[in-house]
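First up is the structure itself, then whatever we jot down about it.
Quick note: the coordinates plus some simple rules give every number you see, no bench work behind them. Computed from a predicted model, the values in this text were never measured in an experiment. Note that we place each Cβ from the backbone using ideal geometry, even for glycine, and neighbour counts take in every protein chain shown.
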Amino acid sequence: MTQRPAARVYRPTRGNIALLARRLQRGELVAVPTETVYGLAANALDAKACRQIFRAKGRPANDPLIVHIYSLRELAELCVPNAAALALAKHFWPGPLTLVLPKTDRVPGIVTSGGASVAIRMPQHPVFRRLLKSAGLPLAAPSANPFGYISPTSAEHVRQNLGSKIRYILDGGPSRIGLESTIVDLRDPTSPRLLRPGAISAHDIERVLGIGVSVVKTSASTSDQELVAPGMLLRHYSPRTPVILHDAIKDVGAANEAYIFMRKPAGRRGGENVFWLDERGRLSGVARRLFATLREVDAQRFRRIHVELAAGDPFAEAINDRLRRAAAR
Ligand code: TXA
Ligand code: MG
């Protein structure tokens, strides 16, 4: 997996941020920290720069990108917002929420996979915000992983996976949330649809909008997913090792199989094949450690990885969505 790295990891100093902002203005790619996962960013208004994102990730052209903005002032240049979108933006931005809205002519087709809508998010990570401000551009950025593999939650994850494909990685420390943003389709403001669950739940959104949010199920096949939403394939975020899901793991078996618990199992010492995501099973901690743990365990070449599903508050839905995708073959 580790190829000869061309990429350099930059600490978030003022000088480095100014340098990387200039690289973005010149049409180059920069991997960036966000509060959800690391992203691979390019100038969203530059079709040629955005095309390189697809090349570096091995991402199919029919999977559109999310555009990241620094301030609400940029919104009208990129999309046609409605009152519902503005209400959610005021409430949750900057933060882990992406809104799908009709696009303007300023957004190149490559960003939206030729579609008439664009996905927009105002991120919260202070380092990414400084870079956005310094570049003075909206930045298109999907997660900075090779297509289909587990999303990165640290600069080192990006370097391991894309180090031979890109030159610049901005280090903002481990991602605080650890799961990709919640995506809401608001093209029809009277019937919002949840396209991807995240740290902000459908319930949180309903509370702000005062109307119901329908949940779009991910699908296993390419043909019907095209009808629902682009980039919603079930298989995604997958380790190479097969993943088996359990409501609760009762017994730890053979040493060549890994067991990942939600919380530290009572009365059990951590063996070489026993892992847990959060000491006390808090879901925010589980989410933060999920992708990093799957990567670490995947690298150890177990025969199979057994993982417990999360239970409890609405955050469990987002965690289990990623686990089901990791387990899909
Ligand atoms: O938290 C996040 O959202 C991270 C960070 C980097 O911001 N980004 C991220 O991007 O997860 P990515 O490319 O891995 O996922 C983007 C997904 C697409 O796969 C697709 O499902 C959805 O966003 N998307 C993008 N544009 C869309 C559109 N116009 N209509 C519907 N879905 C869209
Ligand atoms: Mg992704």
Excluding the sites themselves, what is the longest stretch of the chain that contains no GluC sites (Glu not before Pro) in a DSSP loop with at most 13 other C-beta atoms within 10 Å? 1-271
Could you pull out every residue, at least 5 positions away or on a different chain, whose amide H is within less than 5 Å of the one on TYR38? Hs are placed 1.01 Å off N in the peptide plane, and Pro or chain starts have none. ALA144, THR153, SER154
Nitroxide proxy distance, nm - points 7 Å out along Cα→Cβ at ALA328 and GLU206: 2.4
Residues in segment 145-185 reached by a label modelled at ARG240 [backbone nitrogen below 18 Å; 7 Å Cα→Cβ]: 145-152, 157-165
For the pair LYS264 and GLU296, the simple spin-label estimate (label points 7 Å beyond Cα toward Cβ) gives in nm 1.4
Hey, rough spin-label estimate for THR190 and ASN256, points 7 angstrom out along Cα→Cβ, what's it come to in nanometres? 6.0
Kindly list the residues of segment 181-208 that lie in the label zone of SER214, defined by a backbone N under 13 Å from the point 7 Å along the Cα-to-C-beta vector. 185-195
Residue-averaged [θ]222 nm for the chain, counting only DSSP H segments that reach four residues, each worth -39500 (n - 2.57): -9000 deg cm²/dmol
What are the semi-axes of the equivalent ellipsoid for segment 1-140, taken as the square roots of 5 times the Cα gyration tensor eigenvalues, largest first, in whole Å? 24, 18, 13
Bounding extents of segment 1-65 in its principal axis frame from Cα atoms, largest first in Å, are 36, 32, 24
Gyration tensor verdict on segment 161-220 (Cα atoms; rounded if a/c is under 1.5, prolate if a/b is larger than b/c, oblate otherwise): prolate
Quick check for you: which residues of segment 150-183 have the amide N under 11 Å from the point 7 Å beyond the Cα of LEU19 toward its beta carbon? 168-169
Compute the distance from the alpha-carbon center of segment 63-119 to that of segment 19-47, in whole Å. 17
Once fully extended, how much extra length lies between ASN82 and ARG55, figured as 0.36 nm per residue of separation less the alpha-carbon to alpha-carbon distance? 6.4 nm
Checking the cross-link filter: which lysines have an alpha carbon closer than 23 Å to that of LYS57, excluding same-chain neighbours under 8 positions apart? LYS48, LYS165
Give the percent of DSSP beta bridges with both residues in the chain that are antiparallel, rounded to the nearest 5. 35
How big is segment 72-229 in terms of Cα radius of gyration and Dmax, in angstroms? 16.1, 48
Point-charge dipole on Cβ atoms (K/R +1, D/E -1) for segment 131-200, about Cα centre, debye to 20: 120
Among the DSSP beta bridges whose two residues both lie in segment 87-223, what percent are antiparallel, rounded to the nearest 5? 55
Nearest 0.05, what FRET efficiency do ALA47 and ARG11 give at R0 = 35 Å with Cβ-Cβ as r? 0.65
